[in-house]
Amino acid sequence: MTPEDQEERLPLLGLPGGSVPRGRRVFLAAFAAALGPLSFGFALGYSSPAIPSLRRDVSRAPRLDDDAASWFGAIVTLGAAAGGVLGGWLVDRAGRKLSLLLCALPFVAGFAVITAAQDLWMLLGGRLLTGLACGVASLVAPVYISEIAYPAIRGLLGSCVQLMVVTGILLAYMAGWIMEWRWLAVLGCAPPSLMLLLMYCMPETPRFLLAQHRHGEAAEALQFLWGSQQDWEEPPTREEHQGFHLAQLRQPGVYKPFVIGVSLMAFQQLSGINAVMFYAETIFEEAKFKDSNLASVVVGVIQVLFTAAAALIMDRAGRRLLLVLSGVIMVLSTSAFGAYFRMTQGSPTNSSHVDAVPPFAAEPAEASAGLAWLAVGSMCCFIAGFALGWGPIPWLLMSEIFPLHVKGLATGACVLTNWFMAFLVTKEFSSLMEILKPYGAFWLASAFCMCSVLFTVLCVPETRGKTLEQVIAHFEGR
């Protein structure tokens with residue numbers, strides 16, 4: 001599709017070609033791609049309001065006991081792990097743009113199946129489909145955005161991936177106030193449908209086109225996105241069509257970013273983010289939050305605000321500084337969280353399901369208000385710290401550090417690691433708390449956060465202001 005064809009299609013979306021300056025169309029393309037992570041966030045947050053709604057709707061809804069509710073929340077991570085593998089294969093063969101277009105289909109299909117669900121298996125099947133789409137979107141969207149952005153704004157646009165995820169979660173919580181589970185699933189079809197419409201008008205990334213030796217199309221895409229080819233550095237193409245071989249793992253330009261990418265994803269989940277969110281219900285109960293919906297929205301707003309702050313300062317502060325600052329905040333807050341459980345010597349009541357943020361009970365527990373507010377403060381600081389660095393930056397770095405000829409395989413391994421660890425931590429954290437007690441489990445998370453800080457200082461390079469080619473050259477020693 002030529003730039004002229006793309007301009008002709010823009011008015012169909014209410015976006016006249018002349019009203020979008022050429023140098024700013026990169027923002028429009030990034031927004032179109034980021035609708036995938038928005039859909040991903042909505043799918044993650046969907047079960048929080050949907051499960052109470054399913055249980056209230058006893059006449060028409062499939063029966064959902066505690067075990068089924070747990071799987072309804074957690075099965076999306078299994079689908080996403082499979083989607084990470086599929087996305088790694090698609091992104092190199094079908095391209096970045098087509099992969100994003102294709103992942104819209106299981107999003108819509110999954111929510112449609114949930115809408116029409118008559119039994120538990122349809123609910124789980126719909127969640128599995130949306131999880132598959134989540135895995136593809138979580139891999140492809142960061143890659144697409146990093147490859148269309150110029151260095152000065154790559155951190156800003158790359159951080160918008162996580163911003164759209166937490167915005168999608170918040171949207172699900174807020175819509176859950178007024179919508180029952182079927183209509184909420186109908187709403188879930190809107191973001192991927194809009195992405196399908198917008199991405200159809202956007203170009204493929206210039207780097208992928210160059211890797212396919214489609215130089216004319218790459219120049220047209222660059223002209224459409226940036227308005228010129230100034231400051232463009234053509235990536236080396238000598239290895240792009242050789243494919244991946246195990247012998248390449250001996251190359252510093254492959255194994256170094258691979259170890260860094262997989263480690264960042266593992267540390268992100270080992271930080272305890274899912275565990276903190278899982279027990280948010282009990283903490284807000286003890287702090288006497290009577291409005292469960294308000295408690296959910298408070299958590300969602302904190303995530304959105306601090307992720308937005310990270311996006312705004314990413315290209316000024318740098319990736320390493322934010323990772324270290326974020327890690328230190330998480331060390332302190334998880335330590336305080338563990339201290340709260342140690343002082344109360346209590347074990348929180350397990351929620352009925354597992355998800356990003358579970359629904360909150362209406363009846364508050366009669367606990368010490370002072371200690372409960374210590375827990376609330378620790379939890380809010382942890383969520384803010386995570387959103388400031390360890391939430392968005394691993395996804396951003398994943399899209400920046402791999403050479404083109406291994407990007408699909410390497411990013412697929414990173415996404416698979418992330419979602420597998422998310423499932424493992426989510427399903428097994430309760431067992432860990434029985435063995436180590438609640439305070440021991442959170443102090444263990446604090447130790448992992450400390451390890452993540454040390455890993456960042458010792459191993460993670462700064463990519464701020466560098467072209468993708470300069471980042472790759474750093475690992476290759478050029």
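Couple of notes before you dig in:
- Unmet requirement for residue 450, which otherwise passes all of (1) at pLDDT below 90; (2) closer than 13 Å to residue 272 by Cβ: (1)
- Any hit, the stretch 137-152, residues being in contact with a Cys (Cβ under 6 Å, 6 or more places away or on another chain), in contact (Cβ under 8 Å) with a residue 24 or more places away in the chain and assigned to a helix (DSSP H, G or I): yes
- Taking the stretch 112-140 as the range and being surrounded by 24 or more Cβ atoms within 10 Å (Cβ to Cβ) and either in contact with an Asp or Glu (Cβ under 6 Å, 6 or more places away or on another chain) or of a type in the set (Gly, Ala, Ser) (or both) as the test, the residues that pass are 126, 131, 133, 135, 137, 138.
- Taken together, 216, 227 contain a single residue that is farther than 30 Å from residue 113 by Cα, of a type outside the set (A, V, I, L, M, F, W, C), out of contact with any Asp or Glu (no Cβ under 7 Å at 6 or more places or on another chain) and at pLDDT below 85, which is 227.
- Of residues in the stretch 456-473 being of a type outside the set (D, E, K, R), surrounded by fewer than 18 Cβ atoms within 10 Å (Cβ to Cβ) and touching a helix residue (DSSP H, G or I) at 6+ places or on another chain (Cβ under 9 Å), the one farthest from residue 207 (Cα to Cα): 457
- Residue match in the stretch 99-108 (condition: modelled with pLDDT under 85, in a helix (DSSP H, G or I) and within 30 Å of residue 406 (Cα to Cα)): no
- Positions within the stretch 300-310 being among the aliphatic types (A, V, I, L, M) and either in contact with a Pro (Cβ under 6 Å, 6 or more places away or on another chain) or buried (at least 24 other Cβ atoms within 10 Å of the Cβ) (or both), in sequence order: 310
- Condition met for residue 197 (surrounded by 18 or more Cβ atoms within 10 Å (Cβ to Cβ), assigned to a helix (DSSP H, G or I) and at pLDDT 75 or above): no
- Some residue of the stretch 286-296 being among the hydrophobic types (A, V, I, L, M, F, W, C), outside any loop (DSSP other than H, G, I, E, B) and at pLDDT below 85: yes
- Pairs, first farther than 19 Å from residue 329 by Cα in the stretch 449-466, second of a type in the set (Lys, Arg) and in a helix (DSSP H, G or I), C-beta under 7 Å, six or more apart: 462/319; 462/320; 463/319; 464/319
- Odd one out for residue 428 among (1) surrounded by fewer than 24 Cβ atoms within 10 Å (Cβ to Cβ); (2) of a type outside the set (Val, Ile, Thr); (3) in contact with a helix residue (DSSP H, G or I) (Cβ under 9 Å, 6 or more places away or on another chain): (3)
- Conditions (1) touching a Gly at 6+ places or on another chain (Cβ under 6 Å); (2) at pLDDT 85 or above; number of the one not met by residue 355: (2)
- Inside the stretch 115-139, residues that are of a type in the set (A, V, I, L, M, F, W, C) and more than 23 Å from the chain's Cα centre (by Cα) make up a count of 5.
The values are calculated or read from the model by the stated rules, or taken from the named source; none is laboratory data. Bear in mind that the values here come from a model prediction, so they are computed numbers and not experimental data. No Cβ is skipped: glycine too gets one built from the backbone with ideal geometry, and neighbour counts run over all protein chains shown.
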